[in-house]
Amino acid sequence: WYISVDGSNEGDGSIDNPFSSIQSGIESSESGDSVLVGPGTYNEQIRYYGKQIVVMSTDGAENTIIDYNIANVMFENEESGSILRGFTLTGNGSDQGVYIGSYANPVLQDIVIYNKHTAIYCQYNSDNVSLINVTLVDNDFGIDLNYSTDVILTNSIVWQSPIQLSSP
């Protein structure tokens, strides 16, 4: 599935007729698919809806931005086959960059999150959430971990964004 800021949600998501919203690509996809997102700024929230898919920018985090005032990305019950790669997530300082619901285990790779209340919020029983080459900067909180949550940080930076451990 292909996404472009110049596309149309009336399109078919092909490379010649891409969607204009990332969510349209996710909704059209099935587990195992990839959603390739062209450079630009996307003003939307994306939800994986339990699908094990890859949502990946084609031009890296510096050129592919999801700007939204509440949670930019939501994972709920997805397993490790759910991957978000190559985006900058930002907003107006409120809500989360990434909301990881209970039992979700996504992989976040090559991600920058700034200007959010909480960069990454993990509900309980999220085992093996993987952060690879992730930069969290200038957020009120970098990572908010609820109980029984395991996060694996690889080559990542948490800067001016404290980590908070919560319990119910």
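Values for this structure:
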read-out: The stretch 10-168, accessible area per residue, ligands and nucleic acids excluded (1.4 Å, Å²); value: 44
read-out: Extreme residue, positive dipole direction of the chain, given options Q96, N9, N72 (C-beta unit charges); value: Q96
read-out: Percent carbon-and-sulfur accessible area, the stretch 1-54, ignoring ligands, DNA and RNA, probe 1.4 Å; value: 41
read-out: Efficiency of FRET from Cβ geometry, E76 and E10, R₀ 30 Å, rounded to 0.05; value: 0.60
read-out: Three-way shape call for the stretch 1-57 based on the alpha-carbon gyration tensor, with the a/c threshold at 1.5; value: prolate
read-out: Full-stretch length increase - N128, S148 - with 0.36 nm per residue and alpha-carbon distance subtracted; value: 6.2 nm
read-out: T41 versus S28: modelled label distance in nm, points set 7 Å from Cα along the beta carbon direction; value: 2.5
read-out: Formal net charge of residues neighbouring V35 (Cβ-Cβ distance under 15 Å; K, R +1; D, E -1); value: -4
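The values are calculated or read from the model by the stated rules, or taken from the named source; none is laboratory data. From a predicted model like this one, the values you see are computed outputs, not experimental measurements. Please note: Cβ atoms are built from the backbone with ideal geometry, for glycine as well, and neighbour counts cover all protein chains shown. Accessible surface areas use protein heavy atoms only, side chains included; no ligands, DNA or RNA. Shrake-Rupley method; radii C 1.70, N 1.55, O 1.52, S 1.80 Å.
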